[in-house]
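Enquirer: I have a structure here, written as structure tokens, and I will follow up with some questions on it.
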């Protein structure tokens, strides 16, 4: 079974590249501390895989945040990722979940992609939610931002005992435009036959051979994908200090302050003694 890896591959005789992302244990770690309804878990699972693929496609040296915002029951869903393929994610609901389609969950809204390189300026791209799936919106984003034909395939398998998701991305290489267009079209016809069972369960090399047995495919070393929240008590202390002296004094009078992490549900408690020590830093 494939678990928690990103795999890059290249068609040596075609002007097209590909990526596959698998998440299992890392996805389970992200979801286990939240009581999300099943459709929301499914949405986040797709968003995790999509963010992993997007991060690899951009050859990013920094951080990325992919956010969905809308007027539906899920008002906000986001996954943050890094060049090291570390991610965390969260969703916020504003109504009961009824129908379970992508647009039923998000409603009318947009997708915001924020790229923060370690060096250089931050970049934000925004696109209205398109079509009836996350895949449709992401493909529209690629067409708008990179202007390179891109095809995405996202699958999930969520049960009470396990959480799995996988995604495959094909993208044109900007070499010979006419050849690349035909190469991409040919490969999409083949890739459209892929099933959830194949992508989720077959070993990568076997799945690639089954799909592309007439092609010369080069597979690159796998990269691990991990859930990393990143919350710490020290970061909470910095956040408390940023509130200012008056706010800290008010919390001291109340006797305690409790901070919960939206991403992993960890709780950090500060009593009056802890808060007084922070107050002394002013």
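The values are calculated or read from the model by the stated rules, or taken from the named source; none is laboratory data. Being a predicted model, the structure only gives us computed values, none of them experimental. Every residue, glycine among them, receives a Cβ derived from its backbone with ideal geometry; neighbour counts consider all protein chains shown.
Enquirer: Can you say whether residue 63 is surrounded by fewer than 17 Cβ atoms within 10 Å (Cβ to Cβ), closer than 25 Å to residue 230 by Cα and at pLDDT below 95, as far as the supplied structure shows?
Expert: Spelling it out, it is not the case that residue 63 is surrounded by fewer than 17 Cβ atoms within 10 Å (Cβ to Cβ), closer than 25 Å to residue 230 by Cα and at pLDDT below 95.
Enquirer: Looking at this structure, is residue 173 at pLDDT 95 or above and buried (at least 16 other Cβ atoms within 10 Å of the Cβ)?
Expert: Here the answer is no, as residue 173 does not meet what is asked.
Enquirer: Being in the same structural domain as residue 141 (by TED's automatic domain parsing) and touching a helix residue (DSSP H, G or I) at 6+ places or on another chain (Cβ under 6 Å) is true for just one of 72, 101, 62. Which residue is that?
Expert: Result: 72 is the single residue among 72, 101, 62 that is in the same structural domain as residue 141 (by TED's automatic domain parsing) and touching a helix residue (DSSP H, G or I) at 6+ places or on another chain (Cβ under 6 Å).
Enquirer: Sticking with this structure for a sec: Can you tell me how many residues in region 177-196 are surrounded by 11 or more Cβ atoms within 10 Å (Cβ to Cβ) and under 19 Å from residue 142 (Cα atoms)?
Expert: Total meeting the criteria: 9.
Enquirer: Let me ask something else about it. Look through 49, 7 and report the one residue that is within 15 Å of the chain's Cα centre (by Cα) and at pLDDT 95 or above.
Expert: Just a single option satisfies the conditions, and that option is 49.
Enquirer: Also: Look through 131, 125 and report the one residue that is in contact with a strand residue (DSSP E or B) (Cβ under 8 Å, 6 or more places away or on another chain) and in the same structural domain as residue 66 (by TED's automatic domain parsing).
Expert: 125
Enquirer: Could you list, in sequence order, the residues of region 14-24 that are within 14 Å of the chain's Cα centre (by Cα) and part of a strand (DSSP E or B)?
Expert: Passing the criteria: 20, 21, 22, 23.
Enquirer: Kindly indicate which of 187, 208 is assigned by TED's automatic domain parsing to the domain that holds residue 157, under 20 Å from residue 52 (Cα atoms) and modelled with pLDDT of 90 or more.
Expert: Working: 187 fails: under 20 Å from residue 52 (Cα atoms).
Result of the check over 187, 208: 208.
Every residue, every condition in (1) over 26 Å from residue 92 (Cβ atoms); (2) in contact with a strand residue (DSSP E or B) (Cβ under 8 Å, 6 or more places away or on another chain); (3) not in a helix (DSSP H, G or I), yes or no:
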| site | (1), (2), (3) |
| --- | --- |
| 247 | no, no, no |
| 251 | no, yes, no |
| 258 | no, yes, yes |
| 263 | no, yes, yes |
| 269 | no, yes, yes |
| 273 | yes, no, no |
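Enquirer: Which of the residues belonging to region 72-102 are over 21 Å from residue 30 (Cα atoms) and either at pLDDT 95 or above or buried (at least 18 other Cβ atoms within 10 Å of the Cβ) (or both)?
Expert: 72
Enquirer: Considering only residues that are over 13 Å from residue 32 (Cα atoms) and either in a strand (DSSP E or B) or touching a residue at least 60 places away in the same chain (Cβ under 8 Å) (or both), which ones fall in region 148-166?
Expert: 150, 151, 152, 153, 154, 155, 156, 157, 165, 166
Enquirer: Same structure, new question: What number of residues within region 25-41 are surrounded by fewer than 21 Cβ atoms within 10 Å (Cβ to Cβ) and assigned to a helix (DSSP H, G or I)?
Expert: First, the residues of region 25-41 that are surrounded by fewer than 21 Cβ atoms within 10 Å (Cβ to Cβ): 25, 28-29, 31-39, 41.
Now drop any that are not assigned to a helix (DSSP H, G or I), which leaves 25, 28-29, 31, 38-39, 41.
Of the residues in region 25-41, 7 are surrounded by fewer than 21 Cβ atoms within 10 Å (Cβ to Cβ) and assigned to a helix (DSSP H, G or I).
Enquirer: Among the residues of region 111-124, is any buried (at least 21 other Cβ atoms within 10 Å of the Cβ), in contact with a helix residue (DSSP H, G or I) (Cβ under 7 Å, 6 or more places away or on another chain) and farther than 23 Å from residue 172 by Cα?
Expert: Looking only at region 111-124, we keep the residues that are buried (at least 21 other Cβ atoms within 10 Å of the Cβ), and these are 111.
From what is left, the residues that are in contact with a helix residue (DSSP H, G or I) (Cβ under 7 Å, 6 or more places away or on another chain) are 111.
Now restrict to residues that are farther than 23 Å from residue 172 by Cα: none.
Among the residues of region 111-124, not one is buried (at least 21 other Cβ atoms within 10 Å of the Cβ), in contact with a helix residue (DSSP H, G or I) (Cβ under 7 Å, 6 or more places away or on another chain) and farther than 23 Å from residue 172 by Cα, which makes the answer no.
Enquirer: Here's a follow-up. Return the residue satisfying two criteria in turn: it lies in region 208-245 and is free of Cβ contacts under 8 Å to residues at least 12 places away in the same chain and surrounded by 12 or more Cβ atoms within 10 Å (Cβ to Cβ), and of such residues it is nearest to residue 275 (Cα to Cα).
Expert: 243
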